[in-house]
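Working notes, beginning with the structure itself.
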Amino acid sequence: MASPLVRHTFEGTLTADDSKRYLNNAFEVPDGVERLELKLEFAPLRVSGIGNMLTLSVYDPAGSRGAGHRGGAEHRVFITRYSATPGYVPGPLSAGLWLIEIDTHLIMPGPPCDYQLEVAAYGGSGNEAPSWPPTHPGIRLRRGPGWYRGDLHRHSDHSDGHWTVDDLVAWARANRLDFVTLTDHNTISGLARMDDLTADDLLTIGGSEMTTYWGHALALGVHRWVDWRVQPGKRSMRDIASEVTESGGVFVIAHPKSPGDPDCTGCDWRYADMMPGNARVVEVWNGSWTGDSNNERAVALWYSWLEQGLRIVASAGSDAHEATPPNVRLGYNVVYANELTEREILEAIATGHSYLSSGPRLELTAEMPNGLLAMSGDLLPREATKLRLRWQLANGDARLRLVVDGRFVEEQTAGSSGEWMLDVGRWSARSCLVELRTRSDELAAMTNPIFWDAS
């Protein structure tokens, strides 16, 4: 390769006091650049068995060019007009001021962390040709009103996943999901390929996981980059939630009770003004029920918000970074939507027209005074207190638990299928939902609440 038109080296030493910072390294890109190469190295990788975590975000004069949210003590990145390291966005390398940001997710106490960032910009012949992967036909079949099962939280090699977007979609298709969502960390570089793979048997949905230093959140249905960088006094998580909603997306608090630093950097939800603030969806089932995301505690947090009378609904997400073994039972979103499109699925998620399930079917409905049926997520007048729960495919020893305003009030044995008629009028309920639990108390399915007008 020819000598670079521009070369820069940035070096520094970090301590634990430098955690949770955005370190900008600026340089000018001249005209005629066709390839940008970056290399970040730091040491030590681990202190007392816990890894330091530094990642790279790239910004050109117009905005974000992607991020590489992945571990390791060496990060190598290239960007050209037609190709880029997964996580980064190919395109013209515009002349002007570029920023290479080192995001210090975690610097462990102890030995200082020394880093070196090398930047090289190369010219070229201008003969690079695009090499696009083959696309699926991309038919978007509108199936009409019905129940659709899918996943709202998955990762690929565009962040810290261990499979390609194609592999992710192939897995979803083989497991007969109706929809699947790509939510890579702080990047949308995989969404173009994700969009290519929508077909008549599987809807692909775009989004990202905003992986901030003090909590993670999903931006579902937003196909542009959302600035995830919370900066006290400048940009808050409440601002980000409003931006996602105003863009037509759905903002979801992700795995709020996961272990945080140093086990999972920024994974636990620490935003005191977002408990839940202007969030209206919270992910209470992340991965398998018995995994390390503390799902039981996430459900308890959600119930505390329901007890306050808040109208907030729940979602599930596999958070899968690779193919899931068949013996792992994940929670999926089973959504009642008017048609199988991104807009309709996400509108149903935001409304709560869904239940969460690892297999059983669980439908909660109510009859309105005008004779129409209401369902989970709907707001009912005070006089509509009679509910019907129907379930199928449950284990014979499963239990149904009625939850009113975030509190358990009644329980009964389920059997494999059946119907339970309920009148919740005696509780003057503001919300009501039903859990289906196994004999070992694992959640097998859960409806979203039906709500009542407080007036």
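Here the condition is being assigned to a strand (DSSP E or B) and over 24 Å from residue 335 (Cβ atoms); of 446, 421, it holds for 421 alone. Checked against (1) in contact with a His (Cβ under 7 Å, 6 or more places away or on another chain); (2) at pLDDT below 95, residue 335 passes all but a single condition, namely (2).
Can you confirm whether residue 429 is in contact (Cβ under 8 Å) with a residue 60 or more places away in the chain, over 16 Å from residue 329 (Cα atoms), of a type outside the set (Ser, Thr, Tyr) and not in a strand (DSSP E or B)?
no
The condition of being assigned to a loop (DSSP other than H, G, I, E, B) and of a type in the set (Asp, Glu) does not hold for residue 239. Which numbered condition trips up residue 129, out of (1) outside the structural domain of residue 267 (by TED's automatic domain parsing); (2) part of a loop (DSSP other than H, G, I, E, B); (3) modelled with pLDDT of 95 or more; (4) not polar (S, T, N, Q)? Unmet condition: (3).
Of all residues in the stretch 154-208, how many are assigned to a loop (DSSP other than H, G, I, E, B), charged (D, E, K, R) and either buried (at least 24 other Cβ atoms within 10 Å of the Cβ) or at positive phi (or both)? Working first, answer last.
Let us first name the residues in the stretch 154-208 that are assigned to a loop (DSSP other than H, G, I, E, B), namely 155-164, 175-178, 183-184, 186-190, 197-198, 200-201.
Next, from what is left, pick out any that are charged (D, E, K, R): 157, 160, 176, 178, 184, 200-201.
Now narrow it down to the ones that are either buried (at least 24 other Cβ atoms within 10 Å of the Cβ) or at positive phi (or both): 176, 184.
Within the stretch 154-208, residues that are assigned to a loop (DSSP other than H, G, I, E, B), charged (D, E, K, R) and either buried (at least 24 other Cβ atoms within 10 Å of the Cβ) or at positive phi (or both) number 2.
Look at (1) closer than 23 Å to residue 183 by Cα; (2) crowded, with 16+ Cβ neighbours inside 10 Å; (3) among the charged types (D, E, K, R) and you find that residue 76 fails only one, number (2). Yes or no: the stretch 209-221 includes at least one residue that is part of a strand (DSSP E or B), outside the structural domain of residue 56 (by TED's automatic domain parsing) and β-branched (Val, Ile, Thr). The answer is yes; a qualifying residue exists. Within the option set 56, 36, being modelled with pLDDT of 95 or more, under 28 Å from the mean Cα position of the chain (by Cα) and not charged (D, E, K, R) holds for one residue only, 56.
The values are calculated or read from the model by the stated rules, or taken from the named source; none is laboratory data. As the structure is a computational prediction, the values presented were derived from the model and not from experiment. Every residue, glycine among them, receives a Cβ derived from its backbone with ideal geometry; neighbour counts consider all protein chains shown.
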